[in-house]
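Student: Structure provided below as structure tokens; questions to follow.
Where a number appears in this text, it was derived from the coordinates with a stated rule and is not lab data. Please read these numbers as outputs of a predicted model, since none were measured by experiment. Using ideal geometry, Cβ is built from the backbone for each residue, glycine included, and neighbour counts are taken over all protein chains shown.
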Amino acid sequence: MEPHATAPVILVATDFSETAAAALDWAVELARQQGARVELIHAVTIPPSIPGYIPTADTDFQEEVIRAAETRLAEATAGLTDKRIPITTFLLPGTPSQVILERADAISPLAIVLGTRGLTGLRHLLLGSTAQRVVHGARCPVLAVHPGDLGKHRTIRTILVPTDFSPAAELAITTAHRLLAALERDAKLILLNAFNLPIEYTAYGPIPTSVSYLQDNGLEAERRLYEAAQALQREGLTVETVAREGDPGHVIAEEAEKRGADLIAMGTRGLTGLRHLLLGSTAERVVEYAPCPVMTIRR
């Protein structure tokens, strides 16, 4: 058995787009950091026919499509600059999300890495795409990479984790802490709680208790963040905490940019998928405006 055969695996999906190429670069970097190998997966969708295509007696349309996909997979792996990371390929006809999820169940990867497409970046993730279905169904963390991340792959040293102190958020913190464990120094974990007035308050306009409500919320968030940070401290790891009032979606994106986050890790509540991301309805804005890849961890 090859030495790398027993190594943990990062499963990265490709449709051969530029964004998929960015996802592969980030997957290789993550694998290097975690001592893992990479498996590049492609689901072949076989169209019933192509107008104007006339197969010859010794050719089969499905076989031709599969051979073409195999060639593209080989080209993708050959183009990697870091040859130290073991990489294999997996190809199977079928619906992309189903093929990816079934393969993930079979090999139990550390994470699935995939790209999103479209001019609006990660917004496409929340609009019924393959990525949405993968995030919804995956039993492991899913790292979503958008077009703006192309060429920006780097060692993941700083991870920002938005938290509302729920079990889903705790799982995201644990996952982020584990990802940074491979670094002996210069690792940073940022715990962020973004809060604002409930809609029930703002619907009635300014009220006298608004200021005290926000102050009390801020103090309570700071206390809970401090307690969480104390439990995570270790040599070589800096844990920072931020409690900030404002729209959570914008606060998370702004703090990630301001603090140079390499990754945002967010918990999901699982059963209803992306409708119940850690920060509820703000999740779409987090994903859309994030200045770095976003890892979702399903509880």
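Student: Which of rounded, prolate, oblate describes the range 68-111, given a ≥ b ≥ c as roots of the alpha-carbon gyration tensor eigenvalues and a/c under 1.5 marking rounded, otherwise prolate only if a/b is larger than b/c?
Tutor: Here the range 68-111 falls in the oblate category.
Student: Determine which lysines satisfy two conditions relative to Lys188: a Cα distance under 19 Å, and not lying fewer than 8 residues away in the same chain.
Tutor: Answer for Lys188, where 19 Å is the Cα cut-off: Lys152, Lys258, listed by chain and number.
Student: If packing is taken as the mean number of other Cβ atoms within 10 Å per residue, what is the order of 228-234, 258-264, highest first?
Tutor: Descending packing order for the listed peptides: 258-264, 228-234.
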